[in-house]
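The values are calculated or read from the model by the stated rules, or taken from the named source; none is laboratory data. Values in this document were obtained by computation on a predicted structure and should not be read as measured data. Cβ: placed from backbone, ideal geometry, glycine included. Neighbour counts: every protein chain shown.
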């Protein structure tokens, strides 16, 4: 009556499990770092509004990839949905009483934009400091603080 039962967990299932787990971790890291967005930055960039481009240009020229702003701002929500901004994990509740949160440009996206900024941004005839001031004026008080 006793038959040999096939084990539920054999060495092949264990290998498959750990391979799948490792791949899931790599995918999560790529998402967190924005690697997918960085690979497709050209197609994403051409679909941005001038307002969205100005915000990203302001961040790159000011050399700050993280900032604090109102949570419900439509432009920041749009940039987040396109993968150009992220809300870092764990910071939401810190600022929510003021309806603000921290945003950051993902690491891989920041690397591309910083390294190849001349490819994405116009070359103003005025000094960078004046151009930065003009961008800041256009953005207004929407960015509360650069970090």
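Considering the range 58-96 alone, what residues qualify as being at positive phi and either touching a helix residue (DSSP H, G or I) at 6+ places or on another chain (Cβ under 6 Å) or at pLDDT 95 or above (or both)?
As a first pass, look at the range 58-96 and keep what is at positive phi: 63, 83, 90.
The answer is 63, 83.
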Being in contact with a strand residue (DSSP E or B) (Cβ under 6 Å, 6 or more places away or on another chain) and surrounded by 10 or more Cβ atoms within 10 Å (Cβ to Cβ) is true for just one of 60, 91. Which residue is that? 91
So if I check each of 79, 132, which one is part of a helix (DSSP H, G or I) and buried (at least 18 other Cβ atoms within 10 Å of the Cβ)? 79
Conditions: (1) without any contact (Cβ under 8 Å) to a residue 24 or more places away in the chain; (2) out of contact with any strand residue (DSSP E or B) (no Cβ under 9 Å at 6 or more places or on another chain); (3) not in a helix (DSSP H, G or I). Residue 43 meets all but one. Number of the miss? (3)
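May I ask you to verify whether residue 126 is closer than 26 Å to residue 40 by Cβ, outside any helix (DSSP H, G or I) and at pLDDT below 90?
Working: closer than 26 Å to residue 40 by Cβ: no; outside any helix (DSSP H, G or I): yes; at pLDDT below 90: yes.
For residue 126, the condition - closer than 26 Å to residue 40 by Cβ, outside any helix (DSSP H, G or I) and at pLDDT below 90 - is not met.
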Looking only at the range 96-123, and only at residues there that are closer than 22 Å to residue 74 by Cα and without any contact (Cβ under 8 Å) to a residue 12 or more places away in the chain, the one that is surrounded by the fewest Cβ atoms within 10 Å (Cβ to Cβ): 97
